[in-house]
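Everything on this sheet refers to the single structure shown next.
Just so it is clear, none of the values below were taken in a lab; they were calculated from the coordinates. Just so it is clear, the structure is predicted and the values come from calculations on it, not from any experiment. Cβ coordinates were reconstructed from backbone atoms using ideal geometry, including for glycine residues, and neighbour counts include every protein chain displayed.
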Amino acid sequence: MFQKFISIFLFIAISASQNHIHFSTNNLFSKNYDQLLNRPDECFDLSEINFGMCEMYLGVGWNGYNCEYFSGCGWIVDDIDYYEYFFDTLLECEDVCQCEDGEIIDDDPCNLRECFDGQWQEIIIDCEEEMGLPCENGVYISPSQDECCSTCVLYGDTNFDGTLNILDVIVLVDIILYQGQCADWYECPEDVNQDGIFNVLDVIELVNNILN
Ligand SMILES: [Ca+2]
Ligand SMILES: [Ca+2]
């Protein structure tokens, strides 16, 4: 009786285990099948992802500019599965990712891209400060978020319009009256005499510069 009980128990255990394996295989199969049917509908830039030094073929991916073949050790990097971003063929990738001539990507102002002949091309931006050009009678001001290059601003050009006139004097007087401070004294064209403070001497120097 006891042996029979053990046999029944083992039978149930093995059946359950087989069923589990069966279901797992089915799940695996349906997942892969679905993935094969789901082709990427977005062009994810894979150029910065390190898939490893292996030579396994991963598929066709988008590198931010063009479609190219990718290889590596696997689709999963840092627990993220990039499989869904790969196309089966170059044609499929180009169908989805190829751009319209004249389109521009300007997310990063220093890395603008424009579409020529259906392909993204980088627009080279030469910034004067990085090229070593001096900012005569002024100081380079760091670019805002939507600009790439710093701007050369004349000392005293307090309204940043590229010329020195009475409007700059008015702004400068306001700054002094309201005890304004410069955000960064190394980039402070309002500090006309560059002594680290705002006072009447800056106004005098600005007026002299305008008159001269
Ligand atoms: Ca001005
Ligand atoms: Ca000053």
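Could you please report the charge total around Gly61, scoring K, R as +1 and D, E as -1 over all other residues with beta-carbon less than 10 angstrom from its beta-carbon? Local net charge: -2.
Arranged from fewest to most other beta-carbon atoms within 10 Å of their beta carbon, Ile49, Ile76 become Ile76, Ile49. Other residues within the sphere of radius under 15 Å centred on the Cβ of Asp146, judged by their own Cβ, net out at -4 (K and R +1, D and E -1). In terms of surrounding Cβ atoms within a 10 Å radius of their Cβ, Asp108, Asp168 rank from fewest to most as Asp108, Asp168. Maximal additional length on extending the Glu136-Ile204 stretch stands at 22.5 nm, based on 0.36 nm per residue less the C-alpha distance. Within the stretch 116-194, the ratio Rg/Rh, alpha carbon atoms throughout and Rh by Kirkwood, equals 1.13.
Using the alpha carbons alone, the radius of gyration of the stretch 67-212 stands to its Kirkwood radius in an Rg to Rh ratio of 1.25. Normalised size of the stretch 100-157, defined as Cα radius of gyration per 2.2 N^0.38 Å with N residues, equals 1.43.
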